[in-house]
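A short write-up of the structure that comes next.
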Amino acid sequence: MLVMPGAMLGLLGGGQLGRMFTMAAHRLGYQVTVLDPSTESPAGRIADVFICAEYTDGHALQQLGDQCIAVTTEFENIPAESLRKLAETRVVSPDAHSIAIAQNRITEKCFLKDHGFSIAPFAVIEGAEDLSKPHATNLFPGILKVSQFGYDGKGQRLVRNQSELETAFGDLNRVTCVLEKLMPLSSEISVIVARGAEGELESFPVAENQHVNGILDISIIPARISQTLIQQAQDIASKVAEKLNYQGVLCVEFFVLDDGQLLINEIAPRPHNSGHYSMDACITSQFEQQVRTLCGLPLGNTTQHSAAVMVNLLGDLWHNGEPDWSFVLQQASTKLHLYGKTEARPGRKMGHFTVLDETTDKALSKAHTIKQQLE
């Protein structure tokens with residue numbers, strides 16, 4: 001179905017990803033209704049209509065469905081049942097099936113494994129009896145991760161032996177977890193791919209990602225890997241979207257091993273932090289692409305016109321109040337994006353900046369200089 005500008009679009013989730021979707025939709029002439037439980041949600045503050053309610057609130061979902069012709073999500077922890085309910089009367093993209101797979105690490109890994117995608121060896125830990133089984137003890141050293149609601153390094157523990165595994169399982173409240181074998185990494189990369197209702201595909205340039213304490217710190221675009229690996233990663237991401245029968249914007253995160261092998265780390269059925277560079281460095285941003293896939297429009301051109309480095313701005317920078325942005329703003333080819341959050345907390349994503357230049361090396365050097373100045 002083709003949804004033309006002027007229509008009202010619905011958005012479940014009111015964080016910074018939702019804010020940037022709303023801004024992209026407004027530029028194209030659409031209106032947006034945001035549903036989010038927080039009165040201070042960044043997207044809700046700029047939406048045409050804001051519904052402050054839980055994602056399971058039947059009355060709020062009915063209101064969203066009544067006034068919106070098509071609905072999308074900001075993040076994957078929206079209850080899949082809420083999406084199924086909306087899909088009875090409205091276009092919903094991505095669909096509940098894709099969301100349900102991505103919001104549970106066990107379901108996600110089984111889906112990827114069953115469809116022949118390469119992933120790190122893993123074991124499911126459901127109870128104390130699983131901690132000493134060979135399928136788990138053969139994975140040391142490994143990372144123990146909660147199966148649901150873990151992000152940005154939360155709900156994860158490094159374990160090197162049986163004792164540490166038992167302690168970590170207790171620390172994570174003995175909820176169902178996945179134990180993944182720690183692999184010898186050369187780098188981490190991600191691919192944003194968009195897939196339309198008719199199966200058409202567009203891939204964004206591959207990002208090279210550096211993390212600190214489990215949170216994305218810097219993305220370098222294009223990634224400093226071989227063209228062969230870049231093509232492989234884009235092809236694999238496209239195949240994941242096809243196997244999901246996906247409609248929307250999808251991120252696939254990869255481990256690049258020391259031997260050059262690519263393993264899928266996880267998938268995110270939405271725009272992604274590592275794709276923020278696209279707002280400044282590509283003809284079409286990942287957020288405009290999200291609008292296009294939701295509305296049945298032709299996919300936009302994802303060509304990158306400048307090398308880019310994106311740096312996250314976390315709440316730690318606000319420990320003495322609002323940071324001094326003057327040095328950032330003096331940089332003619334640096335784009336500052338602040339998310340409009342009212343409370344800065346350590347580790348909370350408050351914004352980002354993107355440095356554009358002729359080469360990634362030049363952009364990276366400038367990004368480090370700006371980052372050091374802010375810190």
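Any chance segment 80-92 includes a residue that's in the same structural domain as Met20 (by TED's automatic domain parsing), of a type in the set (Asp, Glu) and under 27 Å from Cys251 (Cα atoms)?
Yes, that holds for at least one residue.
Any chance segment 232-250 includes a residue that's within 24 Å of Thr354 (Cα to Cα), touching a residue at least 40 places away in the same chain (Cβ under 8 Å) and among the aromatic types (Phe, Trp, Tyr)?
no
Read through the list (1) more than 20 Å from Thr342 (Cα to Cα); (2) in a strand (DSSP E or B), then give the number of the only condition that His59 fails.
It is condition (2) that His59 fails.
Picking from Ile236, Ile264, Ile230, Ile225, which residue would you name as being at pLDDT 95 or above and part of a strand (DSSP E or B)?
Sole residue among the options that is at pLDDT 95 or above and part of a strand (DSSP E or B): Ile264.
Identify all residues within segment 209-233 that are of a type in the set (S, T, N, Q) and under 16 Å from the mean Cα position of the chain (by Cα); write none if there are none.
The answer is Asn209, Gln210, Ser219.
If you scan segment 201-240, which residues turn out to be hydrophobic (A, V, I, L, M, F, W, C), touching a Ser or Thr at 6+ places or on another chain (Cβ under 9 Å) and either surrounded by fewer than 16 Cβ atoms within 10 Å (Cβ to Cβ) or over 15 Å from Gln304 (Cα atoms) (or both)?
Leu201, Leu216, Ile225, Ala233, Ile236, Ala237
What's the number of the only condition in (1) of a type in the set (Ser, Thr, Tyr); (2) crowded, with 17+ Cβ neighbours inside 10 Å; (3) more than 18 Å from the chain's Cα centre (by Cα) that Ser38 fails to meet?
All conditions are met except number (2).
How about segment 358-374: which of its residues are surrounded by fewer than 19 Cβ atoms within 10 Å (Cβ to Cβ), in contact (Cβ under 8 Å) with a residue 12 or more places away in the chain and not in a loop (DSSP other than H, G, I, E, B)? Don't jump to the end; show me each part of the working.
If we filter segment 358-374 for residues that are surrounded by fewer than 19 Cβ atoms within 10 Å (Cβ to Cβ), which is where we start, we get 358-359, 361-362, 365-366, 368-369, 372-374.
Now drop any that are not in contact (Cβ under 8 Å) with a residue 12 or more places away in the chain, which leaves 358-359, 362, 366, 373-374.
If the condition is that a residue be surrounded by fewer than 19 Cβ atoms within 10 Å (Cβ to Cβ), in contact (Cβ under 8 Å) with a residue 12 or more places away in the chain and not in a loop (DSSP other than H, G, I, E, B), then Lys362, Lys366, Gln373, Leu374 are the ones that fit.
Determine, yes or no, whether Phe122 is in contact with a helix residue (DSSP H, G or I) (Cβ under 9 Å, 6 or more places away or on another chain), over 23 Å from Leu216 (Cβ atoms) and either buried (at least 19 other Cβ atoms within 10 Å of the Cβ) or in contact (Cβ under 8 Å) with a residue 24 or more places away in the chain (or both).
Taking the combined requirement at face value, the residue does not satisfy it.
So in segment 24-47, with the set limited to residues that are polar (S, T, N, Q) and out of contact with any helix residue (DSSP H, G or I) (no Cβ under 7 Å at 6 or more places or on another chain), which one is modelled with the highest pLDDT?
Filtering first and then ranking leaves Gln31.
Taking segment 13-46 on its own, how many of its residues are in contact with an Asp or Glu (Cβ under 9 Å, 6 or more places away or on another chain) and without any contact (Cβ under 8 Å) to a residue 60 or more places away in the chain?
12
Leu244: assigned by TED's automatic domain parsing to the domain that holds Leu364, over 27 Å from Arg348 (Cβ atoms) and modelled with pLDDT of 95 or more, yes or no?
yes
Yes or no: segment 294-301 includes at least one residue that is in a helix (DSSP H, G or I), within 30 Å of Thr369 (Cα to Cα) and touching a Ser or Thr at 6+ places or on another chain (Cβ under 8 Å).
Of segment 294-301, the ones in a helix (DSSP H, G or I) are 294-295.
Among the residues that remain, those that are also within 30 Å of Thr369 (Cα to Cα) are: none.
The answer is no; no qualifying residue exists.
Can you report the number of residues in segment 140-161 which are loosely packed, with under 14 Cβ neighbours inside 10 Å and modelled with pLDDT of 90 or more?
4
I'm trying to understand the selection: among the residues of segment 311-357, which are part of a loop (DSSP other than H, G, I, E, B), in contact with a helix residue (DSSP H, G or I) (Cβ under 9 Å, 6 or more places away or on another chain) and more than 22 Å from Ser38 (Cα to Cα)?
Pro323, Asp324, Trp325, Gln331, Ser333
Out of the residues in segment 338-350 that are buried (at least 17 other Cβ atoms within 10 Å of the Cβ) and in contact (Cβ under 8 Å) with a residue 60 or more places away in the chain, which is farthest from the chain's Cα centre (by Cα)?
Lys341
The values are calculated or read from the model by the stated rules, or taken from the named source; none is laboratory data. All values derive from a computational prediction rather than experimental measurement. Note: ideal-geometry Cβ built from the backbone for every residue, glycine included; neighbour counts use all protein chains shown.
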